[in-house]
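Working notes for the structure below.
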Amino acid sequence: MGKIMMINASPRAPKSNSKEYAKLFAQYFSSETEYCEVKKSNHLMLCQKTENFSDILFVFPLYADSLPVTLLNFLKTLEVNPPQRKPTISVLVNCGFIEPEQNNIAVEMLRLYCTTNGYPFGSVLKIGSGEAILTTPFRIFLKAKIKKFAASIKTQKYDTFQVTMPISKKMFIRASDVYWEKYGKKNGVTKEEMKTMKIEE
Amino acid sequence: MNLIVSDRNLAVFQENHPSIKFVDLSILNIANCVGCFGCWTKTPGKCVIRDDAVKVYPLIAASEQILYVSKIKYGGYDTIMKTMLERNIPVQQAFIRLFQGETHHVQRNVAAKKAVIIGYGDISAEEQKIFCRLVERNAKNMSFESYSVKFVSENEVEDAVRNEVAIWEK
């Protein structure tokens with residue numbers, strides 16, 4: 001294989017966890033990588049760039065149970081501006097919930113996109129507890145899985161992987177309470193205020 | 001409240017249906033969610049982007065019967081509807097709960113609702129299958145107590161909406 005183009009399609013790409021996942025991937029991938037972020041104004045430039053790569057890795061968060069609009073819109077542009085040689089498309093998707101399976105629909109949508117548009121489909125890494133896992137000791141499990149994921153793309157032995165925090169759902173809920181409470185505190189907002197049931201009132 | 005949220009103009013919007021509120025997303029100014037978590041951790045329950053979406057998500061939350069009308073793309077909602085659904089997260093808290101054995105966000109004051117989703121376009125069997133699975137997942141996060149999905153071609157949308165409106169108004 002040749003070079004891989006890592007496309008971060010997070011709506012907050014410059015400050016995203018997806019950016020951190022892409023960095024880790026690049027550390028473990030033993031061939032050349034190039035990192036790009038999807039912006040409203042760079043779709044065509046990214047489409048042209050895909051010509052130079054044997055592989056694409058889409059890195060993005062799950063939004064409302066599926067692909068974020070940032071990625072959806074880029075895919076629509078790519079559909080009408082495809083490269084002449086279709087690279088193999090792999091997927092690294094994360095969600096904030098503990099179950100990595102909650103990412104399945106997004107993966108299926110991309111798989112369908114590849115089938116319909118003639119792109120070979122590569123490997124998949126589904127990350128659960130994706131909002132917090134990077135800042136916990138469980139980061140080592142994440143790194144180990146990214147390493148395997150990267151190796152599968154490098155060797156073209158494509159496979160599907162998943163990783164999450166190895167704790168019970170109850171523990172996860174308690175840990176996420178603490179995480180979000182701290183997040184609010186940084187903004188001067190209490191847990192009680194965050195728990196308001198009011199919407200736009 | 002009965003609510004129709006559509007990604008396109010519909011003739012039925014021009015008629016008098018006093019028990020139904022209509023939202024035509026195609027004429028609204030709704031920016032992409034930027035994933036800032038402001039609606040959870042800075043101004044809970046309110047999006048920090050003060051565009052037209054802030055008028056729509058309270059209606060979605062309050063509705064007891066809702067009809068979504070959306071073009072389907074790659075087995076999901078196309079851009080207009082998906083943009084709104086992503087901006088709908090102020091109706092949830094950051095905090096997580098166990099719901100039907102899975103972790104999901106705690107809902108704020110969101111009415112349990114009966115939902116109908118009309119997906120339109122030239123939709124393959126595979127796309128239909130994926131979309132049905134997507135709506136099954138949406139049901140857990142969007143407080144659907146029941147739902148049905150209907151697929152129609154672009155020129156059948158008006159009739160499909162009219163049928164649902166007639167059922168609501170019976």
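Listed values, structure above:
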{"quantity": "Amide hydrogen neighbours beyond the local backbone of residue A:56, cut-off 5 Å, H modeled", "calculated": "A:5, A:88, A:89, A:90"}
{"quantity": "Relative packing of A:146-153, A:106-113, which averages over residues the other C-beta atoms within 10 Å, highest first", "calculated": "A:106-113, A:146-153"}
{"quantity": "The protein assembly as shown: radius of gyration over Cα atoms, expressed as a fraction of 2.2 N^0.38 Å", "calculated": "0.99"}
{"quantity": "Spacing of the two label points (7 Å from each Cα toward its C-beta) at residue A:187 and residue A:167, in nm", "calculated": "2.2"}
{"quantity": "Angle in degrees between helix B:157-169 and the longest Cα principal axis of chain B, rounded to the nearest 10", "calculated": "70"}
{"quantity": "Equivalent ellipsoid semi-axes - Cα gyration tensor, segment A:1-136, angstrom", "calculated": "22, 16, 14"}
{"quantity": "Largest to smallest principal axis extent of the C-alpha atoms in segment B:26-136, angstrom", "calculated": "42, 38, 25"}
{"quantity": "Spin-label zone in segment A:78-99 - amide nitrogen under 15 Å from a point set 7 Å from the Cα of residue A:1 along the C-beta vector", "calculated": "A:86-93"}
{"quantity": "Tail beyond 11 Å, pair distance distribution of segment A:157-201 (Cα, percent)", "calculated": "74"}
{"quantity": "Lys pairs under 24 Å by Cα in segment B:8-82, provided they are eight or more residues apart or on distinct chains", "calculated": "12"}
{"quantity": "Cβ-derived FRET efficiency at R0 35 Å, residue B:124 paired with residue A:30, nearest 0.05", "calculated": "0.40"}
{"quantity": "Packing rank of A:89-98, B:143-152, B:84-93, where each peptide gets the mean count of other beta carbons within 10 Å, highest leading", "calculated": "A:89-98, B:84-93, B:143-152"}
{"quantity": "³J(HN,Hα) computed for each position of segment B:63-72 - Karplus, 6.51 cos²θ - 1.76 cosθ + 1.60, integer Hz, glycine/proline x", "calculated": "5, 9, 10, 9, 10, 9, 10, 9, 5, 9"}
{"quantity": "Cα-centred dipole magnitude for the protein assembly as shown, charges only on beta-carbon of K, R (+1) and D, E (-1), debye, nearest 20", "calculated": "1560"}
{"quantity": "Rounded to whole Hz, the Karplus (6.51, -1.76, 1.60) HN-Hα couplings of segment B:126-139, x for glycine and proline", "calculated": "5, 4, 4, 4, 5, 5, 4, 5, 5, 5, 4, 6, 4, 3"}
{"quantity": "For residues of B:129-139, the mean tally of beta carbons on other chains within 10 Å", "calculated": "4"}
{"quantity": "Label-point separation, residue A:156 to residue B:114 (7 Å along Cα→Cβ), nm", "calculated": "5.5"}
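All of the numbers you see were taken from the coordinates with simple rules; none came from a lab. Note that this is a predicted model, so its numbers are computed, not measured. So basically every Cβ, Gly included, is an ideal-geometry build from the backbone, and we count neighbours across all protein chains shown.
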